[in-house]
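Engineer: Below is one structure. I have some questions about it.
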Amino acid sequence: MFGKKKQTSIGDPFFARIEQTEIDLNDEVIKDLAEKSGVSESWPNVSLSGLQQFAAGLVNDVVRAGDHDVRLGNVVYFITNEKGRAEPTGLSWERATLTAGFENIVVSTADHIFNDTEIRQDEDMTYDIIVEALQPLMDAVLADGSLSSDDLPDLPSEEQFRQARETGEVLTVEPNKFQRTTIEVKPVV
């Protein structure tokens, strides 16, 4: 199942590949989660829904239960081109670490991209490029039903990104569901 084998292709138009993983794929709990989420079938290539399910399971059954983070590896996103070949999107979640605060793969990917020092220092990396790179991932998880629009990240504004670039502050990237504002209702007098 998880042996060293040729990378299995995956039928999804948008998928991820887990590289340089430190996960013990022989651990019974992890093996069971991988099978339940379907990621063991095509590992290291995984569907977005499989990756989301696997990561959420790891957080619940390994991270929180064992009170320690799990280093997933580098998650690199691909599209399947017209010829059926995998083509990198340029989007990745480097050094992906699952913590008790994990929300979902898109929030974690956006958080990494907006807060990674190397990306911020890259003069050619603009806010628009980042948002344009994230959009297909967000569209894909909505299309396959992995996540709802409430689960998608509330992206920082261009001004917040520019300021964080200058100051080095960490931007908060959370799901839209955490951004709800309550409407104050005044009683009728």
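The values are calculated or read from the model by the stated rules, or taken from the named source; none is laboratory data. Quick caveat, the model's predicted, so the values are computed rather than measured. Glycine gets a Cβ as well: all are built from the backbone with ideal geometry, and neighbour counts include every protein chain shown. All accessible areas refer to the heavy atoms of the entire protein, side chains included, with ligands and DNA or RNA removed. Shrake-Rupley method; radii C 1.70, N 1.55, O 1.52, S 1.80 Å.
Engineer: Quick test of your reading of the structure: residue 16 fulfils all but one of (1) touching a Phe, Trp or Tyr at 6+ places or on another chain (Cβ under 7 Å); (2) at pLDDT below 95. Name the failing condition by number.
Structural biologist: Of the numbered conditions (1) touching a Phe, Trp or Tyr at 6+ places or on another chain (Cβ under 7 Å); (2) at pLDDT below 95, the odd one out for residue 16 is (2).
Engineer: For the range 27-86, which residues satisfy the criterion of being outside any helix (DSSP H, G or I), aliphatic (A, V, I, L, M), open to solvent by less than 20 Å² (accessible area, probe 1.4 Å) and over 20 Å from residue 111 (Cβ atoms)?
Structural biologist: Passing the criteria: only 39.
Engineer: Sticking with this structure for a sec: In the range 148-157, which residue that is part of a loop (DSSP other than H, G, I, E, B) and open to solvent by 20 Å² or more (accessible area, probe 1.4 Å) is nearest to residue 92 (Cα to Cα)?
Structural biologist: Of everything passing the filter in the range 148-157, 155 is nearest to residue 92 (Cα to Cα).
Engineer: Name the residues in the range 152-167 that are over 24 Å from residue 140 (Cα atoms) and free of Cβ contacts under 8 Å to residues at least 24 places away in the same chain, would you? Steps first, answer last, please.
Structural biologist: Of the residues in the range 152-167, the ones over 24 Å from residue 140 (Cα atoms) are 159-167.
Passing the criteria: 159, 160, 163, 166, 167.
Engineer: Taking into account only those residues within the range 158-177 that are more than 20 Å from residue 117 (Cβ to Cβ) and not acidic (Asp, Glu), which is surrounded by the most Cβ atoms within 10 Å (Cβ to Cβ)?
Structural biologist: Only one residue fits best here, namely 175.
Engineer: What is the number of the single condition among (1) over 14 Å from the mean Cα position of the chain (by Cα); (2) open to solvent by 30 Å² or more (accessible area, probe 1.4 Å) that residue 89 does not meet?
Structural biologist: Condition not satisfied by residue 89: (1).
Engineer: With the checklist (1) modelled with pLDDT under 95; (2) under 27 Å from residue 33 (Cβ atoms) in hand, flag the one item residue 142 doesn't pass.
Structural biologist: Result: residue 142 fails condition (1) only.
Engineer: Test of understanding: among 118, 123, which residue is modelled with pLDDT under 95, part of a helix (DSSP H, G or I) and open to solvent by 30 Å² or more (accessible area, probe 1.4 Å)?
Structural biologist: Result of the check over 118, 123: 118.
Engineer: Considering (1) in a helix (DSSP H, G or I); (2) open to solvent by 60 Å² or more (accessible area, probe 1.4 Å), say which one residue 137 fails and leave the rest.
Structural biologist: Condition not satisfied by residue 137: (2).
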